[in-house]
Amino acid sequence: MPYYKTRLSCFKLLIVLLAFGSPVCNLQAQSQHKFRGSNLLLEGRVNYGFLINHHLEMQIFNSHFPAFEINLGKETFGEYRWQRMYSYPFIGISYWYSHLGNSPLLGSAHAVFPYVNYPLFRNQKHEFNFRLGLGLAYLTKCFDRVNNYKYLAIGSHVNAAANLMFEYRWRLNSRFNIATGLSLMHFSNGSTKTPNYGINTPSVNLAFSYRLSKENPYLTRKMLPELYEFEFDGKRSITLDLGTTIAYKDMGSEFGKTFMIYNLFGNVMKPVTFKSSFGLGMDFTLDKSDIFIASEKSILFEHEIQKMRIGVSGAYKLSMAKLSYMFNLGFYVSGKVRPSKSYFKLGIQYDITPRIFTTLCLRTHFAQADFVGIGIGYKIPLIYYTQKK
(Lines give C-alpha, C1' and ligand atoms only; values in the text may rest on other atoms or scores of the structure.)
Protein backbone atom coordinates (compact mmCIF):
# COMPACT_ATOMS: atom_id res chain seq x y z
CA MET A 1 0.00 0.00 0.00
CA PRO A 2 1.49 3.44 -0.93
CA TYR A 3 0.55 5.03 2.40
CA TYR A 4 2.53 2.38 4.21
CA LYS A 5 5.61 2.84 2.03
CA THR A 6 5.48 6.61 2.46
CA ARG A 7 5.07 6.37 6.19
CA LEU A 8 7.87 3.83 6.52
CA SER A 9 10.38 5.79 4.44
CA CYS A 10 9.69 9.00 6.38
CA PHE A 11 9.90 7.03 9.61
CA LYS A 12 13.38 5.75 8.66
CA LEU A 13 14.51 9.28 7.84
CA LEU A 14 13.34 10.73 11.14
CA ILE A 15 14.82 7.87 13.15
CA VAL A 16 18.25 8.56 11.65
CA LEU A 17 17.81 12.23 12.53
CA LEU A 18 17.18 11.25 16.17
CA ALA A 19 20.79 10.29 16.70
CA PHE A 20 22.56 12.49 14.20
CA GLY A 21 20.23 15.43 13.56
CA SER A 22 21.97 18.62 14.67
CA PRO A 23 22.77 22.04 13.28
CA VAL A 24 25.18 22.26 10.36
CA CYS A 25 28.41 23.77 11.61
CA ASN A 26 29.68 26.80 9.73
CA LEU A 27 33.20 26.70 8.31
CA GLN A 28 34.64 28.92 11.01
CA ALA A 29 33.37 26.62 13.76
CA GLN A 30 34.71 23.59 11.89
CA SER A 31 38.16 25.11 11.69
CA GLN A 32 38.32 25.40 15.46
CA HIS A 33 38.40 21.59 15.84
CA LYS A 34 41.77 20.86 14.24
CA PHE A 35 42.49 17.72 16.25
CA ARG A 36 39.15 15.93 16.12
CA GLY A 37 39.72 12.20 16.30
CA SER A 38 37.17 9.55 15.47
CA ASN A 39 36.25 9.06 19.17
CA LEU A 40 34.67 5.72 18.18
CA LEU A 41 33.96 2.93 20.66
CA LEU A 42 32.95 -0.62 19.74
CA GLU A 43 30.82 -2.36 22.37
CA GLY A 44 29.34 -5.80 22.97
CA ARG A 45 26.42 -6.13 25.40
CA VAL A 46 24.63 -9.19 26.79
CA ASN A 47 21.07 -8.80 28.18
CA TYR A 48 18.98 -11.26 30.16
CA GLY A 49 15.29 -10.57 30.65
CA PHE A 50 11.71 -11.67 30.14
CA LEU A 51 8.50 -10.79 28.33
CA ILE A 52 6.00 -8.63 30.25
CA ASN A 53 2.54 -10.24 30.17
CA HIS A 54 0.56 -7.01 30.14
CA HIS A 55 -2.50 -8.71 28.60
CA LEU A 56 -4.20 -11.92 29.65
CA GLU A 57 -3.75 -13.43 26.19
CA MET A 58 0.04 -13.11 26.49
CA GLN A 59 0.47 -15.14 29.68
CA ILE A 60 1.33 -18.21 27.60
CA PHE A 61 4.60 -16.49 26.63
CA ASN A 62 6.17 -16.79 30.06
CA SER A 63 9.91 -17.34 29.74
CA HIS A 64 13.31 -15.80 30.41
CA PHE A 65 15.81 -15.36 27.58
CA PRO A 66 19.04 -13.58 26.59
CA ALA A 67 19.50 -10.79 24.05
CA PHE A 68 22.69 -9.57 22.40
CA GLU A 69 23.84 -6.15 21.17
CA ILE A 70 26.66 -4.81 19.04
CA ASN A 71 27.06 -1.04 19.43
CA LEU A 72 29.20 1.50 17.62
CA GLY A 73 29.28 4.82 19.47
CA LYS A 74 30.96 8.19 19.29
CA GLU A 75 31.99 10.34 22.24
CA THR A 76 31.14 14.02 21.75
CA PHE A 77 33.05 17.03 23.04
CA GLY A 78 31.08 20.06 21.91
CA GLU A 79 31.15 20.29 18.12
CA TYR A 80 27.51 21.44 18.40
CA ARG A 81 25.90 23.50 21.13
CA TRP A 82 23.30 20.86 22.04
CA GLN A 83 26.15 18.49 22.97
CA ARG A 84 27.41 21.00 25.53
CA MET A 85 23.91 21.59 26.94
CA TYR A 86 23.39 17.82 27.39
CA SER A 87 26.79 17.24 29.05
CA TYR A 88 28.50 15.75 25.99
CA PRO A 89 26.52 12.54 25.36
CA PHE A 90 27.50 9.44 23.42
CA ILE A 91 25.75 8.98 20.08
CA GLY A 92 25.75 5.72 18.18
CA ILE A 93 23.91 2.90 16.48
CA SER A 94 23.02 -0.55 17.86
CA TYR A 95 22.09 -3.95 16.47
CA TRP A 96 19.94 -6.01 18.91
CA TYR A 97 18.99 -9.70 18.60
CA SER A 98 17.03 -12.19 20.70
CA HIS A 99 15.38 -15.56 20.07
CA LEU A 100 12.59 -14.52 22.52
CA GLY A 101 12.72 -17.75 24.49
CA ASN A 102 12.83 -20.11 21.48
CA SER A 103 9.03 -20.04 21.26
CA PRO A 104 7.69 -21.42 17.96
CA LEU A 105 4.95 -18.76 18.12
CA LEU A 106 7.16 -15.74 18.89
CA GLY A 107 10.07 -16.45 16.59
CA SER A 108 13.08 -14.13 16.95
CA ALA A 109 13.63 -10.36 16.87
CA HIS A 110 16.19 -8.22 15.05
CA ALA A 111 16.45 -4.48 15.68
CA VAL A 112 18.65 -1.62 14.50
CA PHE A 113 18.37 1.74 16.24
CA PRO A 114 20.37 4.96 16.57
CA TYR A 115 20.71 6.08 20.18
CA VAL A 116 21.83 8.95 22.38
CA ASN A 117 23.41 8.12 25.74
CA TYR A 118 22.87 11.09 28.08
CA PRO A 119 25.24 11.47 31.07
CA LEU A 120 23.48 11.95 34.41
CA PHE A 121 26.71 11.96 36.42
CA ARG A 122 30.31 11.74 35.25
CA ASN A 123 33.87 11.97 36.58
CA GLN A 124 37.22 10.58 35.41
CA LYS A 125 36.36 6.96 36.27
CA HIS A 126 32.60 6.58 36.72
CA GLU A 127 29.43 7.47 34.81
CA PHE A 128 25.68 7.10 35.24
CA ASN A 129 23.86 7.45 31.94
CA PHE A 130 20.39 7.28 30.40
CA ARG A 131 20.15 5.86 26.87
CA LEU A 132 17.28 6.51 24.46
CA GLY A 133 17.12 4.72 21.12
CA LEU A 134 14.49 4.57 18.36
CA GLY A 135 14.68 2.49 15.21
CA LEU A 136 13.22 -0.40 13.26
CA ALA A 137 12.72 -4.06 14.13
CA TYR A 138 11.97 -7.20 12.15
CA LEU A 139 10.11 -10.04 13.89
CA THR A 140 10.27 -13.40 12.16
CA LYS A 141 6.78 -14.34 13.45
CA CYS A 142 3.59 -12.28 13.75
CA PHE A 143 -0.16 -12.84 14.10
CA ASP A 144 -1.83 -14.98 11.47
CA ARG A 145 -5.50 -15.89 11.82
CA VAL A 146 -4.81 -19.42 10.53
CA ASN A 147 -1.22 -20.35 11.39
CA ASN A 148 -0.42 -18.19 14.45
CA TYR A 149 -3.75 -17.08 15.93
CA LYS A 150 -2.53 -17.17 19.55
CA TYR A 151 0.10 -14.49 18.92
CA LEU A 152 -1.91 -11.31 19.59
CA ALA A 153 1.08 -9.13 20.48
CA ILE A 154 2.11 -8.06 16.96
CA GLY A 155 0.28 -8.01 13.64
CA SER A 156 3.22 -7.23 11.32
CA HIS A 157 6.80 -8.31 10.71
CA VAL A 158 8.22 -4.76 10.48
CA ASN A 159 7.82 -2.68 13.64
CA ALA A 160 9.18 0.30 15.49
CA ALA A 161 11.81 -0.45 18.14
CA ALA A 162 12.29 1.71 21.22
CA ASN A 163 15.03 1.19 23.81
CA LEU A 164 15.35 2.81 27.24
CA MET A 165 18.28 2.09 29.54
CA PHE A 166 19.88 3.33 32.75
CA GLU A 167 23.51 2.25 32.99
CA TYR A 168 26.60 2.53 35.17
CA ARG A 169 29.91 2.74 33.27
CA TRP A 170 33.41 2.25 34.70
CA ARG A 171 36.46 3.45 32.79
CA LEU A 172 39.17 0.79 33.17
CA ASN A 173 41.80 2.69 31.16
CA SER A 174 42.07 4.89 28.09
CA ARG A 175 40.91 2.04 25.82
CA PHE A 176 38.51 -0.19 27.80
CA ASN A 177 35.18 0.46 29.55
CA ILE A 178 32.85 -1.91 31.37
CA ALA A 179 29.15 -1.14 31.91
CA THR A 180 26.05 -2.65 33.47
CA GLY A 181 22.47 -1.48 33.41
CA LEU A 182 18.71 -1.99 33.35
CA SER A 183 16.94 -1.68 30.02
CA LEU A 184 13.53 -1.95 28.39
CA MET A 185 13.06 -3.00 24.76
CA HIS A 186 9.71 -2.28 23.13
CA PHE A 187 8.33 -3.41 19.76
CA SER A 188 5.14 -2.03 18.24
CA ASN A 189 3.70 -1.10 14.84
CA GLY A 190 1.57 1.71 16.28
CA SER A 191 -1.65 -0.13 15.34
CA THR A 192 -0.91 0.26 11.64
CA LYS A 193 -1.85 -3.42 11.54
CA THR A 194 -3.85 -5.09 14.29
CA PRO A 195 -3.58 -6.86 16.67
CA ASN A 196 -0.94 -4.74 18.34
CA TYR A 197 -0.55 -5.26 22.08
CA GLY A 198 3.19 -4.71 21.67
CA ILE A 199 6.17 -6.58 23.09
CA ASN A 200 8.02 -5.31 26.18
CA THR A 201 11.18 -6.99 27.43
CA PRO A 202 12.94 -5.60 30.55
CA SER A 203 16.42 -6.93 31.19
CA VAL A 204 19.68 -6.56 33.10
CA ASN A 205 22.85 -6.34 31.05
CA LEU A 206 26.64 -6.33 31.03
CA ALA A 207 28.83 -4.66 28.38
CA PHE A 208 32.48 -4.25 27.40
CA SER A 209 33.62 -1.46 25.09
CA TYR A 210 36.89 -0.76 23.30
CA ARG A 211 38.12 2.56 21.90
CA LEU A 212 39.11 2.00 18.27
CA SER A 213 41.70 4.76 18.10
CA LYS A 214 43.90 6.70 20.45
CA GLU A 215 41.89 8.91 22.76
CA ASN A 216 41.29 12.39 21.37
CA PRO A 217 43.16 14.85 23.66
CA TYR A 218 40.51 17.48 22.95
CA LEU A 219 37.89 15.40 24.79
CA THR A 220 39.09 17.07 27.98
CA ARG A 221 38.71 20.54 26.42
CA LYS A 222 34.96 20.81 26.26
CA MET A 223 33.79 23.58 23.96
CA LEU A 224 30.79 25.89 23.75
CA PRO A 225 30.05 26.77 20.10
CA GLU A 226 28.10 29.79 18.95
CA LEU A 227 24.30 29.93 18.98
CA TYR A 228 22.36 28.78 15.92
CA GLU A 229 19.13 30.21 14.58
CA PHE A 230 17.08 27.14 15.60
CA GLU A 231 18.04 27.44 19.27
CA PHE A 232 16.72 29.25 22.34
CA ASP A 233 18.52 32.57 22.68
CA GLY A 234 17.44 33.58 26.18
CA LYS A 235 14.73 35.98 24.98
CA ARG A 236 11.15 35.45 26.02
CA SER A 237 8.81 34.21 23.29
CA ILE A 238 5.59 32.31 22.64
CA THR A 239 5.17 30.21 19.49
CA LEU A 240 2.25 28.33 17.91
CA ASP A 241 3.32 25.00 16.37
CA LEU A 242 0.55 24.25 13.88
CA GLY A 243 0.60 21.02 11.90
CA THR A 244 -1.21 18.08 10.38
CA THR A 245 -0.53 14.33 10.21
CA ILE A 246 -1.94 11.39 8.29
CA ALA A 247 -2.06 7.75 9.38
CA TYR A 248 -3.84 4.50 8.69
CA LYS A 249 -5.04 1.39 10.53
CA ASP A 250 -5.06 -2.04 8.96
CA MET A 251 -7.87 -3.73 10.93
CA GLY A 252 -8.14 -6.68 8.57
CA SER A 253 -8.01 -9.20 11.42
CA GLU A 254 -11.11 -7.62 13.01
CA PHE A 255 -13.18 -6.01 10.26
CA GLY A 256 -11.40 -6.89 7.03
CA LYS A 257 -10.84 -3.19 6.32
CA THR A 258 -8.19 -0.45 6.37
CA PHE A 259 -9.05 3.01 7.69
CA MET A 260 -7.45 6.43 7.22
CA ILE A 261 -6.83 8.86 10.10
CA TYR A 262 -6.43 12.63 9.75
CA ASN A 263 -5.15 14.82 12.58
CA LEU A 264 -4.81 18.59 12.91
CA PHE A 265 -2.87 19.79 15.95
CA GLY A 266 -1.68 23.00 17.52
CA ASN A 267 0.68 23.58 20.44
CA VAL A 268 1.21 26.99 22.01
CA MET A 269 4.73 26.75 23.46
CA LYS A 270 6.84 28.97 25.70
CA PRO A 271 10.57 28.13 25.92
CA VAL A 272 11.96 28.50 29.42
CA THR A 273 15.50 27.17 28.88
CA PHE A 274 17.69 26.02 25.99
CA LYS A 275 16.25 22.51 26.45
CA SER A 276 12.67 22.90 27.65
CA SER A 277 9.42 24.47 26.48
CA PHE A 278 6.01 24.18 28.13
CA GLY A 279 2.57 24.88 26.73
CA LEU A 280 -0.96 23.79 25.84
CA GLY A 281 -2.12 21.72 22.89
CA MET A 282 -5.26 20.82 20.95
CA ASP A 283 -5.93 17.87 18.63
CA PHE A 284 -8.67 17.45 16.03
CA THR A 285 -8.79 13.83 14.85
CA LEU A 286 -10.99 12.24 12.21
CA ASP A 287 -10.58 8.46 12.50
CA LYS A 288 -12.55 6.59 9.85
CA SER A 289 -12.57 3.47 12.03
CA ASP A 290 -14.61 5.39 14.62
CA ILE A 291 -17.29 6.04 11.98
CA PHE A 292 -17.32 2.37 10.98
CA ILE A 293 -17.57 1.19 14.59
CA ALA A 294 -20.42 3.66 15.20
CA SER A 295 -22.34 2.26 12.25
CA GLU A 296 -21.79 -1.31 13.51
CA LYS A 297 -23.15 -0.30 16.93
CA SER A 298 -26.01 1.79 15.46
CA ILE A 299 -24.63 5.00 16.96
CA LEU A 300 -26.10 8.04 15.21
CA PHE A 301 -24.28 11.35 14.67
CA GLU A 302 -26.49 14.40 15.12
CA HIS A 303 -23.78 16.73 13.82
CA GLU A 304 -20.69 16.14 11.66
CA ILE A 305 -18.43 17.47 14.43
CA GLN A 306 -19.42 14.44 16.57
CA LYS A 307 -17.46 12.21 14.17
CA MET A 308 -14.28 14.00 15.21
CA ARG A 309 -12.34 13.48 18.42
CA ILE A 310 -11.27 16.82 19.92
CA GLY A 311 -8.65 16.75 22.68
CA VAL A 312 -6.89 19.30 24.87
CA SER A 313 -3.54 18.60 26.49
CA GLY A 314 -0.58 19.85 28.43
CA ALA A 315 2.54 19.96 26.26
CA TYR A 316 6.27 19.69 26.87
CA LYS A 317 9.07 19.97 24.29
CA LEU A 318 12.65 18.80 24.79
CA SER A 319 14.91 20.37 22.17
CA MET A 320 18.28 19.41 20.71
CA ALA A 321 18.95 22.06 18.05
CA LYS A 322 16.85 21.08 15.00
CA LEU A 323 15.49 17.94 16.65
CA SER A 324 12.82 17.98 19.38
CA TYR A 325 10.82 15.45 21.40
CA MET A 326 7.18 16.51 21.90
CA PHE A 327 5.06 15.12 24.74
CA ASN A 328 1.29 15.72 25.10
CA LEU A 329 -0.90 14.35 27.88
CA GLY A 330 -4.57 15.23 27.49
CA PHE A 331 -8.22 14.24 27.45
CA TYR A 332 -11.02 14.22 24.89
CA VAL A 333 -13.75 16.84 25.10
CA SER A 334 -15.71 15.78 22.01
CA GLY A 335 -16.47 12.75 19.87
CA LYS A 336 -19.19 10.12 20.17
CA VAL A 337 -16.73 7.24 19.73
CA ARG A 338 -13.78 7.52 22.12
CA PRO A 339 -11.43 4.58 22.81
CA SER A 340 -10.52 6.26 26.10
CA LYS A 341 -11.20 9.44 28.06
CA SER A 342 -7.52 10.41 28.00
CA TYR A 343 -4.59 10.06 25.60
CA PHE A 344 -0.82 10.41 25.41
CA LYS A 345 1.09 11.57 22.34
CA LEU A 346 4.82 11.30 21.74
CA GLY A 347 6.25 13.14 18.75
CA ILE A 348 9.59 13.72 17.06
CA GLN A 349 9.92 17.08 15.29
CA TYR A 350 12.71 18.03 12.90
CA ASP A 351 13.12 21.64 11.77
CA ILE A 352 13.65 21.88 8.00
CA THR A 353 13.81 25.66 8.32
CA PRO A 354 13.34 27.95 11.35
CA ARG A 355 9.58 27.91 10.60
CA ILE A 356 8.82 24.60 8.82
CA PHE A 357 9.12 21.21 10.55
CA THR A 358 8.35 17.56 9.86
CA THR A 359 6.86 15.34 12.54
CA LEU A 360 6.40 11.68 13.40
CA CYS A 361 3.99 11.02 16.28
CA LEU A 362 2.55 8.11 18.21
CA ARG A 363 -0.75 8.42 20.07
CA THR A 364 -1.65 5.90 22.75
CA HIS A 365 -4.50 5.15 25.15
CA PHE A 366 -2.74 3.84 28.23
CA ALA A 367 -0.62 0.88 26.98
CA GLN A 368 -2.54 0.53 23.68
CA ALA A 369 -1.25 2.34 20.59
CA ASP A 370 -3.90 4.23 18.60
CA PHE A 371 -1.96 5.29 15.51
CA VAL A 372 1.40 6.47 14.15
CA GLY A 373 1.18 9.58 11.99
CA ILE A 374 3.58 11.50 9.76
CA GLY A 375 3.13 15.09 8.78
CA ILE A 376 4.38 18.62 8.45
CA GLY A 377 3.94 21.81 10.43
CA TYR A 378 4.62 25.53 10.62
CA LYS A 379 5.79 27.66 13.55
CA ILE A 380 3.97 30.95 14.02
CA PRO A 381 5.64 33.40 16.44
CA LEU A 382 2.93 34.94 18.60
CA ILE A 383 5.10 36.98 20.99
CA TYR A 384 8.81 37.75 20.82
CA TYR A 385 10.50 40.37 22.94
CA THR A 386 13.61 40.92 25.02
CA GLN A 387 13.56 41.28 28.76
CA LYS A 388 13.49 44.81 30.07
CA LYS A 389 16.56 45.94 31.91
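Numbers below:
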quantity	calculated
Failed criterion for Leu346 (all others in (1) under 18 Å from Asn263 (Cβ atoms); (2) touching a helix residue (DSSP H, G or I) at 6+ places or on another chain (Cβ under 8 Å); (3) of a type outside the set (Asp, Glu) hold)	(2)
Condition check for Gly335: in contact (Cβ under 8 Å) with a residue 40 or more places away in the chain and closer than 22 Å to Gln368 by Cβ	yes
Per-region count, the range 258-278, residues buried (at least 16 other Cβ atoms within 10 Å of the Cβ), hydroxyl-bearing (Ser, Thr, Tyr) and under 14 Å from Gly314 (Cα atoms)	1
Residue under evaluation Tyr332, criteria (1) modelled with pLDDT of 95 or more; (2) farther than 20 Å from Gly279 by Cα, criterion not met	(2)
Of residues in the range 322-335 being over 12 Å from the mean Cα position of the chain (by Cα) and buried (at least 18 other Cβ atoms within 10 Å of the Cβ), the one farthest from Tyr248 (Cα to Cα)	Lys322
Number of the exception - Gly190 against (1) more than 20 Å from Phe61 (Cβ to Cβ); (2) surrounded by fewer than 23 Cβ atoms within 10 Å (Cβ to Cβ); (3) small (Gly, Ala, Ser)	(2)
Whichever residue in the range 351-371 is touching an Asp or Glu at 6+ places or on another chain (Cβ under 7 Å) and over 11 Å from Pro339 (Cα atoms) and, among such residues, is surrounded by the most Cβ atoms within 10 Å (Cβ to Cβ)	Arg363
Test: residue in the range 205-221 that is modelled with pLDDT of 90 or more, of a type outside the set (A, V, I, L, M) and within 17 Å of the chain's Cα centre (by Cα)	no
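Table: residues versus (1) of a type in the set (A, V, I, L, M); (2) in contact with a Gly (Cβ under 9 Å, 6 or more places away or on another chain); (3) within 30 Å of Cys142 (Cα to Cα).
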| site | (1), (2), (3) |
| --- | --- |
| Asp241 | no, yes, no |
| Ile261 | yes, yes, yes |
| Leu264 | yes, yes, no |
| Pro271 | no, no, no |
| Leu280 | yes, yes, no |
| Lys297 | no, no, yes |
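Each row is one residue, and each column tells you yes or no for (1) acidic (Asp, Glu); (2) surrounded by fewer than 19 Cβ atoms within 10 Å (Cβ to Cβ); (3) modelled with pLDDT under 85; (4) in the same structural domain as Tyr350 (by TED's automatic domain parsing).
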| residue | (1), (2), (3), (4) |
| --- | --- |
| Tyr228 | no, no, yes, no |
| Gly243 | no, no, no, yes |
| Lys249 | no, no, no, yes |
| Leu280 | no, yes, no, yes |
| Phe292 | no, yes, no, yes |
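The values are calculated or read from the model by the stated rules, or taken from the named source; none is laboratory data. What you see is a predicted model, and the numbers here were worked out from it, not measured in a lab. As a convention, Cβ positions derive from the backbone with ideal geometry for all residues, glycine included, and neighbour counts pool all protein chains shown.
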